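**Student:** So that we are looking at the same thing, I have put the structure below in structure tokens.
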Amino acid sequence: MTTIRLTNTRTRRKEVFTPIDPKNVRLYVCGPTVYDRAHLGNGRPVVVFDVLFRLLRHVYGPEHVTYVRNFTDVDDKINAAAQARKAAGDPRSLEELIRERTDETIGWYHTDMDALGALRPTKEPRATEWIGAMIAMIEDLIAKGHAYEREGHVLFRVRSYKEYGALSGRSVDDMIAGARVEVAPFKEDPMDFVLWKPSDAELPGWDSPWGRGRPGWHIECSAMSHELLGASFDIHAGGIDLQFPHHENEIAQSRCAHPEGSFANYWLHNEMLQVEGKKMSKSLGNFFTVRDLLDQGYPGEVIRMVYLGTHYGKPMDWTDDKARQAKQELRRWRKYALDVEAGEPHPEVVDALSDDLNTHQALTELRVIFTRLMTLKVDLEQQCGAVHWASRDDYRSAAARFLGSCRLLGLLQDGMGHWSDIEAQNSERIEQLLLERAAARKARDFARSDAVRDGLVAAGVVVKDTPQGAEWEFGTDFDAAKLWSI
Ligand SMILES: [Zn+2]
């Protein structure tokens, strides 16, 4: 069986991955808080851990992997969004507005992540459907002396868990000095964090032994992962920004409530994303949602390939240049992978992914395999002519294995290639217009040849005349509607 190695944040080492039960490999990834569209940085863990899910399914069998990713649908930002709608005159109740906002956002999330080619997790629990499990876990933590109630709040007693800070390598006293903690009069210690907080009549709330209230964010993941994956499971993953305090708090809650379990054995964290070398921010004007890019005409598959070009453990830089290269490459790959059934992936691609999810190396291997496929095509063309190479069994079986290797990274999936069909039609149209322009010039019909040239410029097609003839490419402002109206 393939040996998978993963860099475990908990031990800071690359370790051989040994699942607790190979018949049920269990993965938990912290999901989104559903108040707005996912931005480009949010898409990175989705795609990276989708590749991990695909690899685990390949190695252990699709029916032997359980992947849970939650939706946080109770949160101050969601409440604020709903309250803003109510303040703007919406006559509906706050509960209705909150439900509408979270349902709508979950719908967007699914559409956008589907467009990136991510498989849906096995289970996607919504926090509001697991409030009972959260209350039970909080009661248990109080009974065991790890939590206490003050003024309708329940707080976790951080100093009761000696290993607190081990994941991120911080001491409790350093963290207090760093002052990323909220001081409140009802806390025994400034480090203590909220498990439950009171809700006023205006806000969503649930009845509990401590009055009407709502859960803190951290307890959601601890309760839902326990209910769906058990007290010990294999991998817990998320963005590096969640390592502290969110993941430290999850560990403290889960290990104290279920000391018989190990919680998660392997912790994986993906690094952050920048845009053209700068931190993505609304004030810099370089803030994009995944939807913004899709609407601008970046195929989801292209966005996916750009993410996978950088190892998850390194900061990645989104650039237009990378997107353009990915598009060109995928266009060629799709053209020569043909309509074959996906075959077994090549071992060098499986090995690259098994080595701590080295997607960058896997893409390098895919390029080598593709070059071999093109060499085979040229050889076959010489043997049997320009038409017949594509129907040869040796070509088709090589293409099938190339396709199967791409699919392990979630590339070249069925149903994701419409962009290249549309591109092929657009390319054909441009080629035909350039022929028309050449004919018009030859016939000294300069009005017609200038009209074609101006039309192409207006449609965002970049044309360069060379001694060998006209060369062209899609400009960044390419507009298909204008192309077809020339
Ligand atoms: Zn979480």
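**Student:** For a quick check: with amide H placed at 1.01 Å from N, whose amide H comes under 5 Å from Arg10's, ignoring anything fewer than 5 positions away on the same chain?
**Tutor:** Trp267
**Student:** While we're looking at this one, here's another question. Can you show me the helix-derived [θ] at 222 nm for the chain, built from DSSP H runs with n ≥ 4 at -39,500 (n - 2.57) apiece and divided by the number of residues, rounded to the nearest 500.
**Tutor:** Theoretical 222 nm ellipticity from helices: -15000 deg cm²/dmol.
**Student:** Taking 31 Å as the cut-off for C-alpha to C-alpha distance, list the pairs among Lys282/Lys314; Lys23/Lys279; Lys77/Lys314; Lys197/Lys314; Lys282/Lys322; Lys86/Lys279 that go past it. Each step should come with its number before you reach the end.
**Tutor:** Details: Lys282/Lys314 23 Å; Lys23/Lys279 42 Å; Lys77/Lys314 29 Å; Lys197/Lys314 37 Å; Lys282/Lys322 22 Å; Lys86/Lys279 34 Å.
Those over the limit are Lys23/Lys279; Lys197/Lys314; Lys86/Lys279.
**Student:** How far is helix 320-337 tilted, in degrees, relative to the longest principal axis of the Cα atoms in the chain, given as a value from 0 to 90 rounded to the nearest 10?
**Tutor:** Helix 320-337 sits at roughly 70 degrees to that axis.
**Student:** Which angle from 0 to 90°, rounded to the nearest 10, does the C-alpha axis of helix 76-87 make with the longest principal axis of the chain?
**Tutor:** 80 degrees
**Student:** Along region 31-36, what does the Karplus equation 6.51 cos²θ - 1.76 cosθ + 1.60 (θ = phi - 60°) give for ³J(HN,Hα), rounded to whole Hz, x for Gly and Pro?
**Tutor:** Here the 3J(HN,Hα) series is x, x, 8, 9, 10, 7 Hz.
**Student:** Right, next: By its C-alpha gyration tensor, with a ≥ b ≥ c as the square roots of the eigenvalues, how is region 379-486 shaped: rounded for a/c under 1.5, else prolate for a/b larger than b/c, else oblate? Present the calculation step by step, with values, prior to reporting the outcome.
**Tutor:** Numbers: a/c = 3.36, a/b = 1.75, b/c = 1.92.
Oblate is the answer for region 379-486, as a/c is 1.5 or above yet b/c matches or exceeds a/b.
**Student:** Moving on to the next point. What is the magnitude of the charge dipole of region 419-484 about its Cα centre, with +1 placed on the Cβ of each Lys and Arg, -1 on the Cβ of each Asp and Glu, and no other charges, expressed in debye to the nearest 20?
**Tutor:** For this selection, approximately 400 debye.
**Student:** Moving to a separate point now. Using Cα atoms only, what is the angle between the long axis of helix 40-60 and the major principal axis of the chain, expressed in degrees (0 to 90) to the nearest 10?
**Tutor:** 90 degrees
**Student:** Using a/c under 1.5 as the rounded threshold, could you call region 17-273 rounded, prolate or oblate? The axes a ≥ b ≥ c are square roots of the C-alpha gyration tensor eigenvalues, and prolate needs a/b larger than b/c, oblate otherwise.
**Tutor:** Details: a/c = 1.66, a/b = 1.09, b/c = 1.52.
Judged from the Cα gyration tensor, region 17-273 comes out oblate (a/c at least 1.5, b/c at or above a/b).
**Student:** Just to check I understand the Karplus step: with θ = phi - 60° and J = 6.51 cos²θ - 1.76 cosθ + 1.60, what whole-Hz values come out for region 123-140, glycine and proline as x?
**Tutor:** Here the 3J(HN,Hα) series is 9, 10, x, 9, 3, 5, 8, 10, 4, x, 5, 5, 4, 4, 5, 5, 4, 4 Hz.
**Student:** Now for a different question. HN-Hα J couplings of region 190-198 from phi, Karplus 6.51/-1.76/1.60, θ = phi - 60°, integer Hz, Gly and Pro as x?
**Tutor:** x, 6, 4, 10, 7, 9, 8, 9, x
**Student:** Also, I was wondering about something else. Exposed loop GluC sites (Glu not before Pro) only (DSSP loop, at most 14 other Cβ atoms within 10 Å): please give the longest stretch of the chain free of them, not including the sites.
**Tutor:** For GluC sites (Glu not before Pro) (loop position, at most 14 other Cβ atoms within 10 Å), the longest site-free span of the chain is 1-150.
**Student:** Taking the Cα centre of the chain as origin, work out the dipole magnitude from +1 charges on Lys and Arg Cβ and -1 charges on Asp and Glu Cβ, in debye rounded to 20.
**Tutor:** With Lys and Arg at +1 and Asp and Glu at -1, about 880 debye.
Values in this text are rule-based calculations from the coordinates and carry no lab data. The structure presented is a predicted model; accordingly, all values stated were derived computationally and were not measured. Every residue, glycine among them, receives a Cβ derived from its backbone with ideal geometry; neighbour counts consider all protein chains shown.
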